[in-house]
Each structure stands twice: as structure tokens, then as C-alpha cells.
Amino acid sequence: MKKKFPQYAIYLKSWTTKWHLLSVFFEYPAEIRKIIYTTNTIEGLNRQYRKVTKTTSIFPHDQSLLKLLYLATNDISKKWVMPIHNWGPIVAQLAILFPEKSDALINS
């Protein structure tokens with residue numbers, strides 16, 4: 001694989017040496033992996049932050065930027081009302097995988 005994709009040698013080495021840690025992710029069902037895999041959520045949050053900060057090219061103080069990001073986070077989090085698709089079956093799978101946490105899952 002390293003010979004076929006030399007430009008990815010560093011990444012391949014990382015994956016192969018730590019595969020025992022990475023492969024745990026694949027033990028979960030696809031629905032749970034989709035929730036665990038947060039890239040889309042993080043990218044959406046970063047996009048919203050860029051949208052808010054690009055209108056101001058210079059912040060007088062670091063505190064000004066932090067305040068703006070804090071207020072933006074409050075506004076953004078209010079929009080996070082979409083329910084997770086297939087939440088019922090996901091809760092059932094989580095309850096089977098983590099029986100010690102099942103009460104908290106069912107009451108969520």
C-alpha cells in the first residue's frame with residue numbers, strides 16, 4: 001500500500017500502528033458510528049463561526065473575538081433542535097451495548 005500511495009505514507013503508518021485503537025469504532029453499528037463521527041457537526045459549527053467573524057476584519061481585543069464567538073455559539077445552539085434520525089433504534093442498540101447506562105438513555 002505504501003508503494004502504491006507514497007503520498008499517504010505518513011497516514012498509512014499512523015493507521016497501521018494504531019489500528020487496534022481505530023478499529024474499535026467499526027465495532028459499533030452504522031447508526032451509532034454516524035453519531036460518534038462528528039466531522040459534519042464540527043464543520044457546520046466552524047462554518048457558522050467563519051460567517052460571523054468574516055464581517056469584522058480586526059478585533060480590538062482578544063476578548064472581543066471571544067465575546068462574539070460566545071454569542072454566536074448561543075445563537076447557533078438554539079438552532080440545534082432537529083431530532084436524530086432513527087433515535088429509537090439507536091437508543092435500543094446503545095442500551096444493549098451499555099446496559100449500565102440504559103436508564104439514562106431511556107430517560108433522555
Checklist entry - Which members of segment 60-86 meet the condition of being surrounded by 11 or more Cβ atoms within 10 Å (Cβ to Cβ) and outside any helix (DSSP H, G or I)? => result ILE84, ASN86
Checklist outcome for this item: Exception for THR55 within (1) loosely packed, with under 10 Cβ neighbours inside 10 Å; (2) hydroxyl-bearing (Ser, Thr, Tyr); (3) closer than 28 Å to ALA95 by Cα falls at (3)
Next on the checklist: The conditions are (1) surrounded by 10 or more Cβ atoms within 10 Å (Cβ to Cβ); (2) outside any helix (DSSP H, G or I), and LYS4 fails exactly one of them. Which is it?
Outcome noted: (1)
Checklist entry - Somewhere in segment 17-28, is a residue loosely packed, with under 12 Cβ neighbours inside 10 Å, in a helix (DSSP H, G or I) and of a type in the set (D, E, K, R)? => result yes
Next on the checklist: With the requirement that a residue be surrounded by 10 or more Cβ atoms within 10 Å (Cβ to Cβ), among the polar types (S, T, N, Q) and modelled with pLDDT under 85, what does segment 87-108 give you?
Outcome noted: SER102
Checklist entry - Is it true that ASN86 is out of contact with any Gly (no Cβ under 9 Å at 6 or more places or on another chain) and at positive phi? => result yes
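The values are calculated or read from the model by the stated rules, or taken from the named source; none is laboratory data. What you are looking at is a predicted structure, and each value in this text was computed from that prediction instead of being measured. Positions of Cβ are backbone-derived with ideal geometry, glycine not excepted, and every protein chain shown enters the neighbour counts.
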